[in-house]
Amino acid sequence: MLAVSALLASGCGGGARQDAHEAKGSFPVKVDLAIFPVRQAVARPTSLILRVRNTGSATVPNLAVTLDSLNYAEDFAELAAAQRPIWAIERGPGTIPKRPAQSAAVSPSGGGQTNYVNTWAFGPLAPGQAKTFRWAVVPLKPGLHLVHYRIAAGLSGNATAVSASGGPVQGTFIVHIAGAPPPTQVNPNTGKVVPGTYPPTP
């Protein structure tokens, strides 16, 4: 499944420490489900899904997931930003917050988005309970890619998520993105989109 990058936060001036009320300790958790298709294609939407369960006896303070390797560094001259996306995140985990005016969000981040780099959090997780993180993404860059993830029990480092062996909870997906989506057609009998072309190639 996946490895992961460290949680990074932007600094803030004055005010209370973010970790002032975060419980300290190690919290056992388990990844029940980790899905990200091995074979993908440019412009063909797909999903990355992680379901995490609290296997300990105490409530996890703030269940969080950090994804790494969703971007790559490009060295072309005069680029506005060297970091380019391998996948575009169309929607992040969590309920989309209600907007103050009637409008439609483009690529909503989801209610689990945090100010930490590539990190989403779902809040407390009671013993025996599980939460599912789901990202709707669109592949953009062909090739073989590794995607890493790491589970955290809090955003400030006081609370640590641990596996049954006491180590970090993490994994890696190995994904191949094809340069073009496979051909599809609308089946004239059912109206469904199916693989192949129409009329069928002899």
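The values are calculated or read from the model by the stated rules, or taken from the named source; none is laboratory data. For clarity, every value in this text was computed on a predicted model and none was experimentally measured. Virtual Cβ from ideal backbone geometry, glycine too; neighbours counted across all protein chains shown. Please note that ligands, DNA and RNA were not included when accessible areas were found on the heavy atoms of the full protein model with its side chains. Shrake-Rupley method; radii C 1.70, N 1.55, O 1.52, S 1.80 Å.
Efficiency by 1/(1 + (r/R0)^6): what FRET value for A126 and V186, r their Cβ-Cβ distance, R0 = 45 Å, to the nearest 0.05?
Using R0 = 45 Å, I get an efficiency of 0.45.
Per-residue HN-Hα couplings for region 163-173, Karplus 6.51 cos²θ - 1.76 cosθ + 1.60 at θ = phi - 60°, whole Hz, x for Gly and Pro?
For region 163-173, the Karplus curve yields 7, 4, 8, x, x, x, 9, 7, x, 9, 9 Hz.
Apply the Karplus parameterisation 6.51 cos²θ - 1.76 cosθ + 1.60, with θ equal to phi minus 60°, to every residue of region 132-142 and state each ³J(HN,Hα) to the nearest whole Hz, in sequence, with x for glycine and proline.
10, 9, 9, 10, 8, 10, 10, x, 10, 10, x
How charged is the neighbourhood of V137? Take every other residue with its Cβ under 11 Å from the Cβ of V137, and add Lys/Arg as +1 and Asp/Glu as -1.
+2
On full extension of the chain, what length is gained from A73 through A34, given 0.36 nm per residue of separation minus the C-alpha to C-alpha distance? Walk me through the numbers on the way to the answer.
Working: separation 39, 0.36 × 39 = 14.04 nm, distance 2.61 nm.
In short, 11.4 nm is gained.
Can you give the local net charge around D32? Use residues other than it whose beta-carbon is closer than 13 angstrom to its beta-carbon, Lys and Arg +1, Asp and Glu -1. Numbers along the way, then the final one.
Numbers: positive: K30, R51, R53, K131; negative: none.
Once positives and negatives cancel, what remains is +4.
Residues with amide H under 5 Å of T184's amide H, sequence separation 5 or more or different chain, H placed in the peptide plane at 1.01 Å from N; which?
It is G196, by chain and number.
Give me the net charge of P45's neighbourhood, meaning all other residues with Cβ under 11 Å from the Cβ of P45; Lys, Arg count +1, Asp, Glu -1.
On the way: positive: R44, R91; negative: E90.
Spelling it out: positives minus negatives among the neighbours equals +1.
With a 1.4 Å probe and all protein chains in place, put E90, E22 in order of accessible area, largest first. It would help to have the intermediate numbers written out before the result.
Details: E90 85, E22 30 Å².
Accessible-area ranking of E90, E22, largest first: E90, E22.
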